[in-house]
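A.B. asks: Got a structure here, written out as structure tokens. Questions coming.
The values are calculated or read from the model by the stated rules, or taken from the named source; none is laboratory data. Note that the coordinates shown come from a computational prediction; the quantities given were computed from them, not determined experimentally. Here Cβ is always computed from backbone atoms with ideal geometry, including for glycine, and neighbour counts include all displayed protein chains.
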Amino acid sequence: MPESGSPLNVLLVEDDASIRRFVALALEGEALRLVEATSLAEARALLAQEGFDLVIADLMLGDGSGMDLLRELATRPSSTRMAFSAGIDRTVRARLADIGVTEVLAKPVSVGALQAAVARARAPRPALAPEGFTGAPTAPATTADAPAGPASEAAAIERYFGGDRSLFLLYRQQCRTQFAEDLRQGDALAAAGRTAEMRHLAHSLKSVLSMLGDEGASASARALEDAAACGDGRAASGHWRALAPCLRSHRDDTA
């Protein structure tokens, strides 16, 4: 950890531009330096060049699993490791616990939960684990174990953005720009039947759409992810045809 009063050096490993923007907005004003990596290869190159106090890694990346990176970092006791994913379940938590990762953020996450997790990473580490600690990763309320997300924009602002509408609007604008690229990519993947990449795209979109308050579209993205995970190209293409108009609606909305 840095000396008292020194900025926290944070590496965010996340290939979804909308999520990277959310993290940057959420942590703006915090006493830290945020460096972004969009792939495992880029993260490893950055880690070879400098040390980081905190590494926040998505688990599903385009060039592999963030789990591998977190496992490699176990040899760097100076770095706090944090898993950040929409695919957190009991099996994943157990695997993270096995490699010593005790901080887990499940997407979609709130601004407050993200800031609190960073604050915990900044705090001095106890010499011994607290009594009763089992080594299992902990998570804030906004995790895969939590009830279904908000059904409206107003609820999303309250739940994920701490009631800060201006922050939500900044994030929404960035998402609208990104949706144009998501649509281009999704159309191409569906036409080619590339289910592995469709799964990856849907995995990111389900969290982004939930944070925008569109739970219906988020559910469509989840259905696409499930079909693509099974390698069912026909079903995945059908789910993409249902999801694409939702993305176009968000992209073209000028409200």
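A.B. asks: Give Leu183, Leu169 a once-over and let me know the one that is in a helix (DSSP H, G or I), under 17 Å from Leu243 (Cα atoms), over 18 Å from the mean Cα position of the chain (by Cα) and not assigned by TED's automatic domain parsing to the domain that holds Arg21.
C.D. replies: Exactly one residue qualifies, and that residue is Leu183.
A.B. asks: On to the next question. Of all residues in the stretch 203-246, count the ones that are under 19 Å from the mean Cα position of the chain (by Cα), more than 22 Å from Val111 (Cα to Cα) and in contact (Cβ under 8 Å) with a residue 24 or more places away in the chain.
C.D. replies: Going through the stretch 203-246 one residue at a time, the tally reaches 4.
A.B. asks: Another question about this same structure. So if I check each of Gly186, Gly238, which one is buried (at least 23 other Cβ atoms within 10 Å of the Cβ) and more than 23 Å from Leu25 (Cβ to Cβ)?
C.D. replies: Gly186 is the lone residue from the list that is buried (at least 23 other Cβ atoms within 10 Å of the Cβ) and more than 23 Å from Leu25 (Cβ to Cβ).
A.B. asks: Since Val23 meets every condition but one in (1) touching a strand residue (DSSP E or B) at 6+ places or on another chain (Cβ under 6 Å); (2) in a helix (DSSP H, G or I); (3) free of Cβ contacts under 8 Å to residues at least 40 places away in the same chain, which condition does it not meet?
C.D. replies: Against the list (1) touching a strand residue (DSSP E or B) at 6+ places or on another chain (Cβ under 6 Å); (2) in a helix (DSSP H, G or I); (3) free of Cβ contacts under 8 Å to residues at least 40 places away in the same chain, Val23 comes up short only on (3).
A.B. asks: I would also like to ask the following. So Val55 clears everything in (1) surrounded by fewer than 23 Cβ atoms within 10 Å (Cβ to Cβ); (2) touching a helix residue (DSSP H, G or I) at 6+ places or on another chain (Cβ under 8 Å) except one condition, right? Which one?
C.D. replies: (1)
A.B. asks: Please verify whether Glu225 is of a type in the set (Asp, Glu), more than 21 Å from Ala113 (Cα to Cα), outside the structural domain of Gly66 (by TED's automatic domain parsing) and buried (at least 17 other Cβ atoms within 10 Å of the Cβ), treating the condition exactly as stated.
C.D. replies: yes
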